[in-house]
Amino acid sequence: MWGRRRGPNLVDTPEMDAFFDRLERMNGEQLLAMQAAWHSMTSLKHEEAWAAVRAAGDRAGLTGEIGRVRNKALVWSQRGSNSVPYYRVNDDYSWLQVKMGAGEAIVDAALAIALGDRLDAASRDVLMGPWLRATEALG
């Protein structure tokens, strides 16, 4: 039927809904911590984790779905607000800038959650590390 999705759907799942719900409850300090943790890792670790994402996508025929997950995470980090209409950190950054700064770490975490056990544990740890550190305070 026209417009009906076929095949796997990594975006519209309870796990992804929970992920984006938690994102909505994050504050500026948590997003800045997530960004800092992401930048503290070596580029080699990121490259290896992304190679694993691509390989998992190729194996499972999920390349398009990986793109959809990435796009949804980027859209979240680029829209103007969530539960906080406007937020400033030390009068240097707007709330949108804080969210955009954490965009890479948000994409990584979203992909790790979406791929689940299709991704090896080491790559999942790299992608989830900044998210887990930033969300520890959320409980």
Based on this model, can you work out whether TRP76 counts as hydrophobic (A, V, I, L, M, F, W, C), within 17 Å of the chain's Cα centre (by Cα) and under 22 Å from ASP17 (Cα atoms)? yes
Among residues of segment 107-121 being in contact (Cβ under 8 Å) with a residue 60 or more places away in the chain and out of contact with any Pro (no Cβ under 9 Å at 6 or more places or on another chain), the residue farthest from ALA18 (Cα to Cα) is ASP120
Counting only residues that are outside any helix (DSSP H, G or I) and within 21 Å of MET41 (Cβ to Cβ), which one in segment 63-121 is modelled with the lowest pLDDT? ALA102
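The values are calculated or read from the model by the stated rules, or taken from the named source; none is laboratory data. Values in this document were obtained by computation on a predicted structure and should not be read as measured data. Cβ: placed from backbone, ideal geometry, glycine included. Neighbour counts: every protein chain shown.
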